[in-house]
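Quick notes on the structure that follows.
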Amino acid sequence: EGRPGVAATLRALNAALGRPGALWVKESGARNLRHRDFLAPRAALGAAFPGGQVGPGPARVHCPALHGPAALRPRHLRPVLLADHLAQLLRAQGVDVRLVPALTQEGGPEVVRQLRIDWPSGSGGSAVPDAVSALKAALGRAPCATACEQGPGTAALPEGVIGKVHLKSFVEQQGLVGYDPNLDVLLVTEGMLRTLAELQQVVQQCLVSDPVALPASHFPGGSSCSIMHVVNCEEEFQQQQLDLLWRVLDPGAHTALQKHLVCGPVKVTNPSSPIEADQYFQLRKRQMYEASVMKYGELAQDEAWREVIDTLTAAAIRFEMLSTAHRSQITLDLENSSISTKGTKSGAFVMYNCARLATLFDSFQRAVEQGTYPPLPPVSELNFSCLREEGEWLLLFNYLLPFPEVLQQAAQLPTPSKGIRITANTETVCKFLIQLSMDFSSYYNRVHILGEPFPHLFDQMFARLRLLGAVRDVFHSALATLHLPPLSQI
């Protein structure tokens, strides 16, 4: 039989305990847990069963760091990874997400491919030049905009400037709040208009796919076409300028739905020179390779391990960038070569425990094929009252039950009462996986799952395997939101 679903496992547990449809409430006190006084919140239990999904709605996630040919740096990489992760979380809740801008060069920056970032590529669309022309015309008509005249007696302007927009007066006239008070006159370039044209294009696609999307204003759970700019703090000012420019040139309902999710700074310690994102990846990859060779010896130098090392590196960087609240500063110590496959705060540690589960089930399957054990029975035939270890119940009530609620919480983007900034709980999944890995590792090191092939021991072994099969599903589902494939070996 295939992997057990969490909901099916819980229904079987309720039936085994004689409490179909019972209320579970979580008790975190260690003494009570030892005495089997187990409780779990109704919301967590309800989320484990069908019917707890967030309603569908469209959202457009814009990451300015991917505009232009300039090489990415770690500070740019953070909002890109955050936008990629957030898009996956929203999609899991039924939201239609489109990432902007499309990468124009083949595959985009190499680090985007190396980190398995699922970003769309394309030429920008044939409609973009027409949209740029329309925006130029709108620039000439806007009350708070003036054309830039070049001629004798006029001050020299930077090349490519085609107009000026008085943003400060526009903000005051519209009564907008949350914008930087230093915003004043913006020199408009064709590059800015092209960026806006790309955003306009995806909004039009949103209107075609959902004609009633625009009038609603709830974000993101309702039927609204929301535009979220994910930007690092160093470029927040420039993104506010573009936000306002779009409102000036295209005063439609969609431009009012712009929100900004701002990432805190990325501090790099002891850099010999400014480091690019590609170099950052290669540095972490070399450190991961050296740590793996130290632990596994020549095995880690095998060709088959190349993909494993790449996955571990991607995991290490994603957790390094995403396990901290997005508005807080993160510090990258690039000279720290103490990366470990088992450091409990790292993505590599999470992947290590995911691989341990794969090894466990591979070993069980081989034993079944050799006739050592019978096949795993259906969930309905299992006796979950055999689960008497505290660690087993901790896995159930701290991770399996609340997991759907964790994903939902991570995807929540509460609309601010005023201003343009929003916050997200994007660190939730990484922290959840790290804590799950620590508790699973503690349990796995203490309990021998595959015991002697004696029939009187099979009930407990099968109950444990079903429980850990559900844990494996949680690992896989959570890692999918990070675009990390589960490892089968490490």
- [ ] Please work out which one of (1) over 21 Å from SER328 (Cα atoms); (2) in contact (Cβ under 8 Å) with a residue 40 or more places away in the chain; (3) of a type in the set (S, T, N, Q) is the condition GLN365 fails and give its number.
- [x] (2)
Open item on the list: Pull out all pairs, ordered by first then second residue, where Cβ-Cβ is under 6 Å, the residues are six or more apart or on different chains, the first lies in the stretch 236-260 and is assigned by the TED database to the domain that holds GLU198, and the second is of a type in the set (S, T, N, Q).
Closed with: ASP243/GLN258; TRP246/THR255; ARG247/THR255; LEU257/SER226
Open item on the list: I'd like to know if the stretch 440-451 contains one or more residues that are over 23 Å from SER328 (Cα atoms), touching a Lys or Arg at 6+ places or on another chain (Cβ under 7 Å) and of a type in the set (Phe, Trp, Tyr).
Closed with: yes
- [ ] Answer yes or no: is there a residue in the stretch 219-233 that is touching a Cys at 6+ places or on another chain (Cβ under 9 Å), of a type in the set (Gly, Ala, Ser) and either open to solvent by 10 Å² or more (accessible area, probe 1.4 Å) or at pLDDT 95 or above (or both).
- [x] no
Task: Selected residue (criterion: modelled with the highest pLDDT) from residues of the stretch 40-70 that are open to solvent by 10 Å² or more (accessible area, probe 1.4 Å) and not in a loop (DSSP other than H, G, I, E, B) - done: PRO64
Open item on the list: Can you find, within the stretch 137-147, the residue that is nearest to GLY160 (Cα to Cα) among those that are open to solvent by 60 Å² or more (accessible area, probe 1.4 Å) and part of a helix (DSSP H, G or I)?
Closed with: GLY140
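One line per residue, one yes/no per condition, for (1) open to solvent by 20 Å² or more (accessible area, probe 1.4 Å); (2) farther than 29 Å from ASN232 by Cα; (3) among the hydroxyl-bearing types (Ser, Thr, Tyr); (4) part of a loop (DSSP other than H, G, I, E, B):
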residue: LYS418; (1), (2), (3), (4): yes, no, no, yes
residue: PHE440; (1), (2), (3), (4): no, yes, no, no
residue: GLY451; (1), (2), (3), (4): yes, yes, no, yes
residue: VAL471; (1), (2), (3), (4): no, yes, no, no
residue: VAL474; (1), (2), (3), (4): no, yes, no, no
residue: HIS483; (1), (2), (3), (4): yes, no, no, yes
TODO: Go through the stretch 251-274 and give me each residue that's open to solvent by less than 30 Å² (accessible area, probe 1.4 Å) and over 15 Å from GLY419 (Cα atoms).
DONE: GLY252, HIS254, CYS263, GLY264, VAL266
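So that you can scan it fast, the table gives a plain yes or no per residue for (1) modelled with pLDDT of 90 or more; (2) open to solvent by 50 Å² or more (accessible area, probe 1.4 Å); (3) small (Gly, Ala, Ser):
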residue: LEU72; (1), (2), (3): no, no, no
residue: LEU77; (1), (2), (3): yes, no, no
residue: ARG91; (1), (2), (3): yes, yes, no
residue: GLU106; (1), (2), (3): no, yes, no
residue: GLU110; (1), (2), (3): no, yes, no
residue: LEU115; (1), (2), (3): yes, no, no
residue: GLY124; (1), (2), (3): no, no, yes
residue: LEU135; (1), (2), (3): yes, no, no
TODO: Exactly one condition in (1) open to solvent by 70 Å² or more (accessible area, probe 1.4 Å); (2) closer than 27 Å to LEU82 by Cβ; (3) modelled with pLDDT of 75 or more is not met by ARG306; state its number.
DONE: (2)
Task: Answer from LEU382, LEU394, LEU357 - the residue that is under 28 Å from HIS456 (Cβ atoms), modelled with pLDDT of 95 or more and assigned by the TED database to the domain that holds PHE462 - done: LEU357
Open item on the list: Among the residues that make up the stretch 447-457, is at least one of them under 15 Å from ASN353 (Cβ atoms) and outside the structural domain of LYS259 (by the TED database)?
Closed with: yes
Task: Residues satisfying the stated conditions in the stretch 355-383, i.e. of a type outside the set (Val, Ile, Thr), in a loop (DSSP other than H, G, I, E, B) and open to solvent by less than 70 Å² (accessible area, probe 1.4 Å) - done: GLY371, TYR373, PRO374, LEU376, PRO377, PRO378, LEU382, ASN383
Task: Of all residues in the stretch 155-188 being in contact with a Gly (Cβ under 6 Å, 6 or more places away or on another chain) and outside any strand (DSSP E or B), the one that is surrounded by the most Cβ atoms within 10 Å (Cβ to Cβ) - done: GLY178
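The values are calculated or read from the model by the stated rules, or taken from the named source; none is laboratory data. Treat the numbers as computed from the prediction; the structure is a model and nothing was measured. Neighbour counts are summed over all protein chains in view; Cβ atoms, including those assigned to glycine, are modelled from backbone coordinates with ideal geometry. To get the accessible areas, we keep the full protein, side chains included, count just its heavy atoms, and leave off ligands, DNA and RNA. Shrake-Rupley method; radii C 1.70, N 1.55, O 1.52, S 1.80 Å.
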